[in-house]
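Notes for the one structure printed next.
Every number here is computed from the coordinates shown, using simple stated rules; none is lab data. Note that the structure is a prediction, hence the values are computed from the model and not measured. Don't worry about glycine lacking a Cβ; one is built from the backbone with ideal geometry, like all the others, and counts go over all protein chains shown.
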């Protein structure tokens, strides 16, 4: 590994054995043109006292370098977007489930048979009379707070996605963009996937069932929520899904590798979908 001034220098060249920070940088940034007997050379250079000492130093540096790389990755914008959209979905799902419980409980205590988050907010505004009502109203308040948090997370996703993936966000919308990135495991991973894989992200269960011979091949996954797929006649929905997935794949690659905005992609997608939907009028 080369962190020194010569092509065949070891990563340890010029380092103090006690300098873990310097060793970590050398391990992360170093390279070597050819293999060598690094332990022996480290001993000869005075970096290590023995072969075991060399490998201890290498272990310490590589573990530290790996931890730093993981931390940097977790703090990357697309990683934070993934955390946010997953938290948003969890918060929305849990708030809706709790709202059903609030409706059942509050319905036995107060007049009215409404349901949903709106009813939970209404119950949350009541002044409870007695310990039973106090607990039901408290649950309603927690439900309303969780729904508020879901709304705040959605707003964060809508602000962040266009900065992380401008072309994807323009064509798919911020929330769908965040979900695609989350399903893929990151923008870089999404950018490396073929369009056929992007097309069925979120439909893994149906895809595996198809591969086992227990169902048809899925035409789309989560991209079904896009108006260009959902709003197209079922007979042409597969074509619309392929067209959308193809352009989103290109957008993901541009977003990851260059990051510049390409409005022409939007126009090309609009034109392609218009052509597909024109078939419906002809039939």
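Work out the FRET efficiency for residue 149 and residue 258 from their Cβ-Cβ distance, taking R0 = 45 Å, and round it to the nearest 0.05. The partial results should precede the final answer.
Numbers: r = 35 Å, r/R0 = 0.77.
With R0 = 45 Å, the Cβ-Cβ based efficiency is 0.85.
Quick one: angle between helix 20-29 and the longest Cα principal axis of the chain, in degrees between 0 and 90, rounded to 10, please.
80 degrees
Would you look at the GNM of the chain, springs on alpha carbons closer than 10 Å, and say which of 187, 109, 146 moves the most?
In this elastic network of the chain, the residue with the biggest mean-square fluctuation among 187, 109, 146 is 109.
Report the semi-axes of the equivalent ellipsoid for the chain in whole Å, largest first, where each axis is √(5λ) for an eigenvalue λ of the Cα gyration tensor.
Numbers: eigenvalues 489, 213, 55 Å².
Over the Cα atoms of the chain, the semi-axes work out to 49, 33, 17 Å.
Could you work out which residue, out of 114, 264, 49, moves most in a Gaussian network model of the chain, that is, has the largest mean-square fluctuation with Cα springs under 10 Å?
Its mean-square fluctuation being the largest, the pick is 49.
Over the chain, with a Gaussian network built from C-alpha contacts below 10 Å, which listed residue (174, 263, 166) shows the highest mean-square fluctuation?
Evaluated over the chain, the most mobile residue of the options is 263.
Please compute the length gained on full extension between residue 55 and residue 192, using 0.36 nm multiplied by the number of residues separating them and subtracting their Cα-Cα distance.
On the way: separation 137, 0.36 × 137 = 49.32 nm, distance 3.53 nm.
Once the chain is fully extended between residue 55 and residue 192, it gains 45.8 nm.
Taking the Cβ-Cβ separation of residue 37 and residue 93 as r and a Förster radius of 51 Å, what is the calculated FRET efficiency to the nearest 0.05? List each step's numbers first, then the result.
Numbers: r = 57 Å, r/R0 = 1.13.
That gives a FRET efficiency of 0.35.
Could you tell me how far the Cα centroid of segment 176-202 sits from the Cα centroid of segment 221-240, in Å?
Distance between centres, Cα-based: 17 Å.
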